[in-house]
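> Once you've had a glance at the structure underneath, I'll fire off some questions.
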């Protein structure tokens, strides 16, 4: 189990005695079978595990999660569809947030989440990339591969969706590169612009604008008198 999963959730999953233990939520929950086992532990008469397929194909994922969504709608459980969709496609932090929401719903307890492990809701790896050194971060093509899953394109093959998602990833990658260049000017040999060179030095805390003007006027007067 990854370190960012809350300890309470780890103990909770161990107490359920799942057939297939959840080691990496991002992968182990993607096909829906392990999640169906979690629901079966609380609703044994309403969740039939024989109706689920323990496979890795996209068809088995969609079939399993369709059954789970039907059960959630029937019970009117407040479980986010965004978390489910992110889990199906194996996107970052989707399965972890789904586990946290399910744990809070079924146990009526709120897990402790380390503030340093908080995850954004856009299900991208941008938060992880920002914690790396600039020379360790993914380039643009790798960012597209990490954040635009092939299963997303298969389930929604429309060109408009693909263009929008790609544009968002490319824009974020461009902003990250610009920020990296600003934060590391020596590495990228960035020269100050003409406007930056002409900036006046700020006033000292112990002086005001009037004193500065008087001193400036006196210095110019002395310079003229010498010439």
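> Just report the Cα centroid separation between segment 151-178 and segment 80-106, whole Å.
Using only Cα atoms to place each centre, the spacing works out to 21 Å.
> Could you work out the relative contact order of segment 7-117? I mean the mean sequence separation of Cα pairs under 8 Å and 6+ apart, divided by the number of residues, in percent.
Details: 112 pairs, mean separation 31.2, N = 111.
RCO, segment 7-117: 28 percent.
Values in this text are rule-based calculations from the coordinates and carry no lab data. Not measured: the values here are computed from a predicted model.
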